[in-house]
Amino acid sequence: MAYQPIVIFAQNLAEAWVKALKELMEKGYERFIEAPDYRCKQKDAPTFIHIPNALAEPRLHERVPFPKEEAEEYARNVIYGIGDAKKENEFDYTYFGRFRCYPDCDVRAEWPNVVLPEEIEKTKERLCNGRCKVRVFDQVRLAIDTLRRDPTRRSVVLVSWIVARDSMKFGPKREKTSSPCIVLIQPQIAEGKLHLFVYMKTNDLFNAFPLNAYAMTELQRYMAIEIGVGVGSYTHFVSSMNLYEDVYELAEEVVRRSLKT
């Protein structure tokens with residue numbers, strides 16, 4: 001099939017999963033992935049999913065490849081952390097680490113808009129002078145506090161990407177490490193409700209999307225309660241939503257059984 005986007009509107013996440021499986025199996029672009037650590041066939045497509053009520057049940061389809069308890073634990077870990085610093089640090093990244101313990105440099109906040117090489121060097125010397133004051137940001141708390149003060153704010157954005165680290169995957173200092181798939185989260189308040197927009201660079205539709213979307217809607221619930229508003233819509237956009245070849249038959253079976261009921 002030609003490379004083209006898929007758009008899914010559904011009443012709940014379980015319905016969205018089945019619709020996306022069907023669309024990706026029928027219309028997904030077939031490609032062979034040659035990554036340094038694996039090679040395989042897959043179908044993929046830029047995918048947009050919208051749920052008008054983020055918490056509408058069922059959020060987990062009965063045939064997702066994990067128990068509900070695993071999804072609940074995963075969501076807790078995203079919002080509150082694993083609760084064991086040593087275990088948390090064993091991972092290349094966690095979403096709790098990126099969204100609630102995000103490292104940034106205060107010096108960078110003073111950086112002006114300069115693009116000429118000579119001006120960049122002068123600015124580096126003037127501002128940095130070999131120093132970097134690292135500060136750790138709880139972006140979730142910052143978003144909550146900002147939207148409490150100003151519910152109309154449209155510039156509340158939570159990011160996971162650390163350019164100097166995540167753009168160096170498979171570089172000389174990082175041979176086999178991973179970078180976060182959830183890159184950006186943007187909450188918006190409208191009609192007295194918190195709407196959540198999530199952007200992912202890649203997403204394994206069969207195995208990971210149900211977990212990711214469940215956790216993000218739990219984060220949405222948590223933030224809405226903290227702000228003091230209702231829960232609104234959930235929008236999930238992925239540049240490369242994919243299905244790996246080894247789950248094609250499983251995906252077709254889920255779709256076939258779901259359409260019968």
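Of VAL7, VAL18, all but one fail to be closer than 18 Å to ALA208 by Cα and among the hydrophobic types (A, V, I, L, M, F, W, C); the exception is VAL18. Determine whether LYS86 is touching a strand residue (DSSP E or B) at 6+ places or on another chain (Cβ under 8 Å) and either modelled with pLDDT of 95 or more or not polar (S, T, N, Q) (or both). Spelling it out, it is not the case that LYS86 is touching a strand residue (DSSP E or B) at 6+ places or on another chain (Cβ under 8 Å) and either modelled with pLDDT of 95 or more or not polar (S, T, N, Q) (or both). Screening ALA16, ALA10, ALA45 for residues that are on the phi < 0 side of the Ramachandran plot, modelled with pLDDT of 95 or more and surrounded by fewer than 19 Cβ atoms within 10 Å (Cβ to Cβ) leaves exactly one candidate, ALA10. If we scan the stretch 139-152, do we find a residue that is surrounded by fewer than 16 Cβ atoms within 10 Å (Cβ to Cβ), of a type outside the set (A, V, I, L, M) and under 18 Å from the mean Cα position of the chain (by Cα)? Within the stretch 139-152 (the criterion being surrounded by fewer than 16 Cβ atoms within 10 Å (Cβ to Cβ), of a type outside the set (A, V, I, L, M) and under 18 Å from the mean Cα position of the chain (by Cα)), the answer is yes, since at least one residue qualifies. Here ALA143 meets the list (1) in contact with a Leu (Cβ under 9 Å, 6 or more places away or on another chain); (2) free of Cβ contacts under 8 Å to residues at least 24 places away in the same chain; (3) among the aliphatic types (A, V, I, L, M) almost entirely, failing just condition (2). The residue list GLU73, GLU34, GLU69 contains one member that is over 19 Å from MET200 (Cβ atoms), free of Cβ contacts under 8 Å to residues at least 12 places away in the same chain and within 19 Å of the chain's Cα centre (by Cα), which is GLU73.
The values are calculated or read from the model by the stated rules, or taken from the named source; none is laboratory data. Note that the structure is predicted; figures quoted are calculated from it, not measured. In this analysis, Cβ positions are derived from the backbone assuming ideal geometry, glycine residues included, and neighbour counts consider all displayed protein chains.
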